[in-house]
1. Residues 118, 104, 111: which one is in contact with a Leu (Cβ under 8 Å, 6 or more places away or on another chain), in the same structural domain as residue 131 (by TED's automatic domain parsing) and at pLDDT below 80?
2. For the range 30-43, indicate whether the set of residues that are loosely packed, with under 10 Cβ neighbours inside 10 Å, within 29 Å of the chain's Cα centre (by Cα), modelled with pLDDT under 85 and of a type in the set (Val, Ile, Thr) is non-empty.
3. If I ask for residues that are over 30 Å from residue 76 (Cβ atoms), outside any loop (DSSP other than H, G, I, E, B) and among the polar types (S, T, N, Q), which ones from the range 94-153 would you list?
4. In this structure, does residue 96 turn out to be at pLDDT below 60, within 29 Å of residue 144 (Cβ to Cβ) and touching a helix residue (DSSP H, G or I) at 6+ places or on another chain (Cβ under 9 Å)?
5. Check 74, 11, 48 and return the single one that is at pLDDT 80 or above, assigned to a helix (DSSP H, G or I) and either closer than 30 Å to residue 140 by Cβ or in the same structural domain as residue 122 (by TED's automatic domain parsing) (or both).
6. Only residues that are assigned to a loop (DSSP other than H, G, I, E, B) and of a type in the set (A, V, I, L, M): list them for the range 14-23, please.
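The values are calculated or read from the model by the stated rules, or taken from the named source; none is laboratory data. Note that this is a predicted model, so its numbers are computed, not measured. Reconstructed Cβ throughout: ideal geometry from the backbone, glycine too, with neighbour counts over all protein chains shown.
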Amino acid sequence: MNEFEWLRQTRELNQPVAPRNDLWARIDAAIDETAAPAEVTAPTPIKRARHRQVWAWAASFAAVAVLAGGVVWRMHAVSPSPQSAPTKIADVTNAPWKPSDPRLAGAALELGAARMELQQAMQQAPDSPALQRLLERTDAQQAHLRELEKQAG
């Protein structure tokens, strides 16, 4: 088979094709069946089982929603605000400090700048737990740096 035969076959594919059977007759029949008044019958066991299944899904969704709401509410009630529980480390690191060792002085300068930036960010978003954790971590690093200076003498 060469290229010209392939081109001829692809041109033949572009012709309209009639469907094998007419779908409109079945669609009309289905519409007529739903439009006709159906006799009121007792629900079948399959319908009852499906009804129970739908209610079970709805109840499980509601239970998950209540559980998630309770967890969020509990986490919000438990987490301390930054202003209500100051730490010992924060009290120590608020004071300006410049170590005598030049290696520690550079680290102290960086940690001080990071702490100031975090405090500014905390003013914009005071309830941010991520910022609070970063501030606590920075304070802990400053405290560790002060301990290193004490050990170095």
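1. 104
2. No - not one qualifying residue is present in the range 30-43.
3. Listed by number, the list holds a single entry, 151.
4. It is false that residue 96 is at pLDDT below 60, within 29 Å of residue 144 (Cβ to Cβ) and touching a helix residue (DSSP H, G or I) at 6+ places or on another chain (Cβ under 9 Å).
5. Criteria check complete, one pass: 74.
6. 17, 18, listed by residue number.
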